[in-house]
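Asker: Just passing along the structure, written as structure tokens.
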Amino acid sequence: MERKRIALVTGGNKGIGLAIARQLAQADVAVIIGARDPGRGQAAVEQLASEGLDTQSVHLDLDDQASIVAAAEKIKAAHGTLDILINNAGIFDFGDAKPSTASIDAVRRVMEINFIGALAVSQAMLPLLRTAPAARIVNISSSMGSLTLNGDPTSTYYAQQYIGYNASKAALNMLTIQLSEELRETGIMVNSVSPGFVKTDLTGYGVMTPEEGARLPVQYALGGDHSGRFVEPDGETPW
């Protein structure tokens with residue numbers, strides 16, 4: 001009997017992360033929900049259990065290196081490997097704004113979580129991902145992180161000037177590019193996926209449900225032989 005693939009979804013206790021966890025579990029993947037708040041992580045596990053889906057949770061705070069290391073150790077002890085890493089956890093700070101007025105503390109916090117946190121999790125999980133036969137890393141990005149679209153006056157995103165958030169997603173895209181190249185000979189595929197304009201607690205508004213926004217990240221988590229891409233539901237996104 002073929003073993004189940006193991007997936008870690010950071011920030012998997014709500015929004016797009018929870019929808020990704022649900023869809024992966026429905027695809028017979030053993031899902032571990034990474035949550036900053038253990039209580040909320042367990043609540044997500046119980047919610048999915050009520051839907052007939054078996055998942056687990058692990059304490060994982062992207063702002064706490066010790067929790068990241070401990071999570072990797074727990075996954076290794078329980079499973080010995082990791083097939084899928086979804087770097088989904090991220091924040092938006094309402095102190096963020098255009099470069100002339102953005103709160104420096106807000107920008108620093110957003111960069112720390114959205115980029116450095118994702119890098120730290122990727123580093124910690126790589127030894128486990130390397131043991132899997134065809135591992136996948138999906139970085140949940142945003143079209144707001146596209147330098148091309150930020151510089152295009154005709155783009156919807158041209159006026160969306162949040163220097164911290166946009167820069168954090170541009171930096172996350174750089175992680176995708178460099179990690180994809182570093183892992184080119186390993187068979188580990190690394191991609192940036194923009195789920196689309198999803199209404200979540202993070203945004204408060206949008207045109208897609210979290211379930212709709214989860215479909216593309218799940219597609220890239222489950223298969224495909226492309227690496228180093230930046231994609232959204234409408235197709236390839238320019239860096």
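Asker: Can you pull out the residues in the range 10-60 that are in contact with a Gly (Cβ under 9 Å, 6 or more places away or on another chain) and of a type in the set (Lys, Arg)?
Answerer: Arg36
Asker: Those residues that are of a type outside the set (Lys, Arg) and modelled with pLDDT under 90, I need them from the range 183-201; list them, please. Break it down into steps so the answer makes sense when it comes.
Answerer: We begin by selecting, within the range 183-201, every residue of a type outside the set (Lys, Arg); these are 183, 185-198, 200-201.
Gly196, Phe197, Val198, Thr200, Asp201, listed by residue number.
Asker: Any residue that is assigned to a helix (DSSP H, G or I) and not aliphatic (A, V, I, L, M) - is there at least one of those in the range 146-163? Let's see the steps before the verdict.
Answerer: In the first step, residues of the range 146-163 are kept if they are assigned to a helix (DSSP H, G or I); the result is 147-150, 163.
Restricting the remaining residues to those that are not aliphatic (A, V, I, L, M) gives 148, 150.
Yes, the range 146-163 has at least one match.
Asker: Residues of the range 75-87 being surrounded by 15 or more Cβ atoms within 10 Å (Cβ to Cβ) and assigned to a helix (DSSP H, G or I), which ones? I'd like the intermediate steps shown before the answer.
Answerer: The initial filter retains those residues of the range 75-87 that are surrounded by 15 or more Cβ atoms within 10 Å (Cβ to Cβ), namely 75-76, 79, 81-87.
Within the range 75-87, Ile75, Lys76, His79 meet the criteria.
Asker: State whether the residues of the range 123-139 include one that is within 19 Å of Pro238 (Cα to Cα) and of a type in the set (S, T, N, Q). So that I can check it myself, show each step before the final result.
Answerer: Applying the first criterion (within 19 Å of Pro238 (Cα to Cα)) to the range 123-139 yields 138-139.
With the extra rule that they be of a type in the set (S, T, N, Q), the set shrinks to 139.
Checked the range 123-139: at least one residue is within 19 Å of Pro238 (Cα to Cα) and of a type in the set (S, T, N, Q).
Asker: Check whether at least one residue in the range 47-58 is under 16 Å from Leu172 (Cβ atoms), modelled with pLDDT of 95 or more, of a type in the set (A, V, I, L, M, F, W, C) and crowded, with 18+ Cβ neighbours inside 10 Å, and report yes or no.
Answerer: Pass one, the range 47-58, residues under 16 Å from Leu172 (Cβ atoms): none.
The answer is no, given that none of the residues of the range 47-58 is under 16 Å from Leu172 (Cβ atoms), modelled with pLDDT of 95 or more, of a type in the set (A, V, I, L, M, F, W, C) and crowded, with 18+ Cβ neighbours inside 10 Å.
Asker: Moving on to the next point. Do we find that Ala97 is among the aliphatic types (A, V, I, L, M) and either under 15 Å from the mean Cα position of the chain (by Cα) or not in a helix (DSSP H, G or I) (or both) in this structure?
Answerer: So Ala97 passes the test.
Asker: Looking at (1) charged (D, E, K, R); (2) closer than 20 Å to Val29 by Cβ; (3) not in a loop (DSSP other than H, G, I, E, B), which one does Glu181 not meet, given that it meets all the others?
Answerer: (2)
Asker: Among the residues of the range 9-29, is there at least one that is more than 16 Å from the chain's Cα centre (by Cα) and part of a helix (DSSP H, G or I)?
Answerer: Scanning the range 9-29, I find at least one residue that is more than 16 Å from the chain's Cα centre (by Cα) and part of a helix (DSSP H, G or I), so the answer is yes.
Asker: Quick one: in the range 146-164, which of the residues that are of a type outside the set (Val, Ile, Thr) and in contact (Cβ under 8 Å) with a residue 40 or more places away in the chain is surrounded by the fewest Cβ atoms within 10 Å (Cβ to Cβ)? Steps first, answer last, please.
Answerer: Kept after step one, since they are of a type outside the set (Val, Ile, Thr), are these residues of the range 146-164: 146-147, 149-153, 155, 157-162, 164.
Now restrict to residues that are in contact (Cβ under 8 Å) with a residue 40 or more places away in the chain: 146-147, 149, 161-162, 164.
On the way: Ser146: 24, Leu147: 13, Leu149: 19, Gln161: 17, Tyr162: 21, Gly164: 26.
Step by step, filter the range 146-164, then rank; the result is Leu147.
Asker: Exactly one condition in (1) loosely packed, with under 15 Cβ neighbours inside 10 Å; (2) more than 19 Å from the chain's Cα centre (by Cα) is false for Asp37; which is it?
Answerer: All conditions are met except number (2).
Asker: Against the condition more than 30 Å from Pro127 (Cα to Cα) and within 15 Å of the chain's Cα centre (by Cα), how does Val198 come out, does it pass?
Answerer: It is true that Val198 is more than 30 Å from Pro127 (Cα to Cα) and within 15 Å of the chain's Cα centre (by Cα).
The values are calculated or read from the model by the stated rules, or taken from the named source; none is laboratory data. Given the structure is predicted, the values throughout are model-derived calculations rather than measurements. Here the Cβ is made from the backbone with ideal geometry for all residues, glycine too, and neighbour counts use every protein chain on show.
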